[in-house]
Each structure stands twice: as structure tokens, then as C-alpha cells.
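Here is the structure we will look at, set down as C-alpha cells.
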Amino acid sequence: MILVTGGAGFIGSNFVLDWLAQSDEPVVNLDALTYAGNRANLAALDGDARHVFVHGDIGDRALVDGLLATHRPRAIVHFAAESHVDRSIHGPGAFVKTNVEGTFTLLEAARGFWNTLDGAGKAAFRFHHVSTDEVYGSLKPSDPPFAETNPYEPNSPYSASKAASDHLVRAWHHTYGLPVLTTNCSNNYGPYHFPEKLIPLMIVNALAGKPLPVYGDGRQIRDWLYVKDHCSGIRAVLAGGRVGETYNIGGWNEMANIDIVHTVCALLDELRPDPAGPYARLITHVTDRPGHDRRYAIDARKIERELGWRPAETFATGIRKTVQWYLDNAAWVANVQSGAYQDWIGTHYSAR
Ligand code: NAD
Ligand code: DAU
């Protein structure tokens, strides 16, 4: 079996659902159920004995030790993190706590467990760390995309905490021999994306007739990858990646935020037209994010060359599926828009 951390969040829940759709290898899913974790993402697995959900913190060493000793996983796939850049600007402490200290605790527990394995078990074990392209910093318009060899230049508390966790993972391999893999991925989108992030926020605000807040001039560029392609990339690296290596995962799809927002609006105009007029009328430019990285782009040739992975979805196919998913899952959206969610929207957007 495998141990997944953060498997009730956006990418982790997609990963667990896809894993169990393709294999009968059980999953132990450790998640603290922060505001971003949602058991409803995993409702399709209710009653499925292949999925063991554990409500707990990766920073709880005794809990993690007990899970490893009991379930004896052949791999850990580590998603658990605080993941939102804007929240890291308002309150960086939780990011250091989970992303840095939590990863440290998980690594130490993994090392302790790994040391109890026999030779074959030790060789087969993997610690797969799921990280981000944001650790590489910001690109100029003419710069080549991020390669795995780029220096780390994180600019936000979030990306600095992820960079720190990447360094710990690297060191646990070089110093202790722990068989690690790290993947650095670009911006994901798709089902179960929490509506604090750009694409789901634009969809739910548009449907509610609320302003679509675009930071600054909206010309910041991100590379966008459909979440299920990220999951297949992780599976490919877990199965065949070289121990100690890092692999960039991306969609070969650089787009400016304002173009993303117009694409979402056009799809909604087609699929759920608003009698009041085109959704783009709601676009509102607001104060920029402090320290906002201007451009990310991913060179994903290494994972393609070594493991034959390429994204299956184009942006056109992936964003259509995504918008349709939000239209079909209004109950999920209503469920996550709790009181705490309203507090965040009020705190973050009211003064912009
Ligand atoms: P998310 O915020 O949607 O989910 C994070 C999950 O981790 C939640 O279920 C939360 O409850 C859980 N969690 C948080 N703190 C925890 C703790 N201390 N112990 C146990 N569980 C805890 O995040 P996401 O967007 O799904 O991202 C998952 C991972 O992928 C993160 O490590 C993130 O840095 C990385 N990543 C995300 C993206 C993206 O576009 N979203 C891109 C590249 C990499
Ligand atoms: O690049 C990978 C990263 O992508 C992940 O590591 C992070 O976990 C994930 O949250 C994401 O980070 P971003 O900061 O790029 O995502 P976000 O959806 O917050 O913002 C995307 C872009 O849209 C960014 O340039 C900021 C902008 N934006 C965002 C929001 C929420 C707006 O213009 N308005 C908004 O209201």
C-alpha cells in the first residue's frame, strides 16, 4: 500500500481517486482537514476498503510512526501543505509550520521506518515529495522556461517554505540515503479546486454575479496543467523516476491571467448564459499581490525523455471539463463556501 498525505485537498483527492480507479493497491490517506481539506472530495470512496482515511497532522510524529509501523507502506506521496500564496502573505506562520516543520517530521518518521526494512524493502521504498515551480522564482519574458537545474529563487512565504521543504528532502537523500523523488509542477486546475484560487474563484464569482478580481494589469503568466495530468505525472515518476532526481511537470501552456479569465467567461457565456449580459462585464482590476511573480514556465522535457510522460489534455479541453464540473457540482461549491470562506473573501478582497 501507499501512504498519501494531504489526500483530502485539491490535488491529493484527485490523486487518490485516480489511483484507486486504476489499481487495487490500498491508500492510507493522512489529512489534517484544514479549511482546504474536504472529506466530500472522497465521497466516491465511502465504504471502499482500499481507502483508509486518517484525520491527523503530518507534524504529529507519534501518529505518523504508528501509521508507518501498522500499514508498512512501500511509498509515501507527500501532498500535505499550506498552498495559497495570498494566505502566506497574510499569515506565513502556518506555512513554516506545515510545509517546513511538517515535512521535516515526515522525513524523520520515514527515515526511522525505512531503517527497519530489509535490503529489498529499503531499495524499493520511495518518498515522493510534491512541490511547485514557484521555488524557481520569476521569469523575464525572454527567459527560457524553468529547467530542473535552475537555481532556487523563491519570492513569497509560500514558495520559500516549499523551497525549504525541497532542500530538506534533498538532504535526507544525500545524507541518509532515503530514496526520495521530487516533482515541481506548474499551476493545476480542475475538479475539487478550492475557490480561493484564480480559476475556481472566477467561475463561482461569475455565477454569483460578483466582481472578477484581476490583480494589477492581469498580464502575469502562469503555465496551466489539468490536475489529472499532474496525477499521471506523479504516478509515472513514482513508478520509474530515478531516485534522488527532481522532475518538472507542466502543461506547455503559458497564459496571461486576463486571458484565462476571458476564457472562463466565454465558456460560461456558452454553457450558462447570463440574461444580464456577458460575464466579462464583471472583470475588475484590483490592487496587485505584493511581490507578485510575473511569469512561470516549465520545461517538461526531462519527464518526457526519461518516462514518456506528456499531458493528455490541452487547455481548451481541460478548461471546458473544469467549467462543466463546477456547473454540475453546485452543491459541492455551496458546501465549501462556509462561514470561514466568507471571512477569507472579506479579509482579502474588501480593501483591494
Ligand atoms: P490544498 O491546499 O488544496 O490541499 C492541501 C491538503 O493538505 C488539505 O487537504 C489540507 O487539509 C492538508 N493539510 C494541510 N496541512 C496539513 C497537515 N499539517 N497535516 C496533514 N494534512 C495537512 O493544496 P493542493 O493545491 O492540493 O496542493 C497539494 C500539494 O501540491 C502542495 O504540496 C502544493 O504545494 C503542491 N502544488 C500545488 C499546485 C497547485 O496548482 N495547486 C501546483 C504545484 C504543486
Ligand atoms: O505555480 C504553482 C502554484 O500555483 C502552486 O504551487 C500553488 O499552490 C497554487 O496556489 C498556484 O499559485 P498561484 O499564486 O499561481 O495561484 P493563484 O490561483 O492564487 O493565482 C494565479 C494567478 O492569478 C496569480 O498570478 C495571481 C492571480 N490572481 C489570483 C487570485 C486568487 C488574480 O489575479 N486574482 C485573484 O483573485
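To keep it simple, each residue is scored yes or no on (1) under 27 Å from residue 227 (Cβ atoms); (2) free of Cβ contacts under 8 Å to residues at least 12 places away in the same chain; (3) over 19 Å from the mean Cα position of the chain (by Cα).
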{"site": "66", "(1), (2), (3)": "no, yes, yes"}
{"site": "78", "(1), (2), (3)": "yes, no, no"}
{"site": "125", "(1), (2), (3)": "yes, no, yes"}
{"site": "135", "(1), (2), (3)": "yes, no, no"}
Item to check | Residues of region 196-228 satisfying the condition of being outside any strand (DSSP E or B), over 17 Å from residue 297 (Cβ atoms) and within 9 Å of ligand 2 (Cβ to nearest atom) | outcome: 196, 197, 199, 200, 201, 202, 205, 216, 218
Next on the checklist: Could you tell me how many of the residues in region 40-99 are aromatic (Phe, Trp, Tyr) and open to solvent by 40 Å² or more (accessible area, probe 1.4 Å)?
Outcome noted: 1
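Please indicate, with yes or no, whether at least one residue in region 40-54 is among the hydrophobic types (A, V, I, L, M, F, W, C), within 30 Å of residue 289 (Cα to Cα) and in contact (Cβ under 8 Å) with a residue 12 or more places away in the chain.
no
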Checklist entry - Are any of the residues in region 117-128 acidic (Asp, Glu) and either farther than 30 Å from residue 222 by Cα or at pLDDT below 95 (or both)? => result yes
Checklist entry - Quick one: would you say residue 276 is over 20 Å from residue 135 (Cα atoms), more than 12 Å from ligand 2 (Cβ to nearest atom) and open to solvent by 40 Å² or more (accessible area, probe 1.4 Å)? => result yes
Checklist entry - If you go through region 239-265, how many residues are open to solvent by 10 Å² or more (accessible area, probe 1.4 Å) and assigned to a helix (DSSP H, G or I)? => result 7
Checklist entry - Any idea which residue in region 12-31 is most open to solvent (accessible area, probe 1.4 Å), counting only those that are in contact with a strand residue (DSSP E or B) (Cβ under 8 Å, 6 or more places away or on another chain) and in contact (Cβ under 8 Å) with a residue 60 or more places away in the chain? => result 19
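Yes/no per residue for (1) open to solvent by 40 Å² or more (accessible area, probe 1.4 Å); (2) more than 14 Å from ligand 1 (Cβ to nearest atom); (3) under 23 Å from residue 232 (Cα atoms):
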{"site": "127", "(1), (2), (3)": "no, no, yes"}
{"site": "137", "(1), (2), (3)": "no, yes, no"}
{"site": "143", "(1), (2), (3)": "yes, yes, no"}
{"site": "156", "(1), (2), (3)": "no, no, no"}
{"site": "166", "(1), (2), (3)": "no, no, yes"}
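The values are calculated or read from the model by the stated rules, or taken from the named source; none is laboratory data. This structure is a prediction, so every number in the text was calculated from the model and none was measured. Cβ coordinates were reconstructed from backbone atoms using ideal geometry, including for glycine residues, and neighbour counts include every protein chain displayed. Heads up: the accessible areas ignore ligands, DNA and RNA and are worked out on the full protein's heavy atoms, side chains in. Shrake-Rupley method; radii C 1.70, N 1.55, O 1.52, S 1.80 Å.
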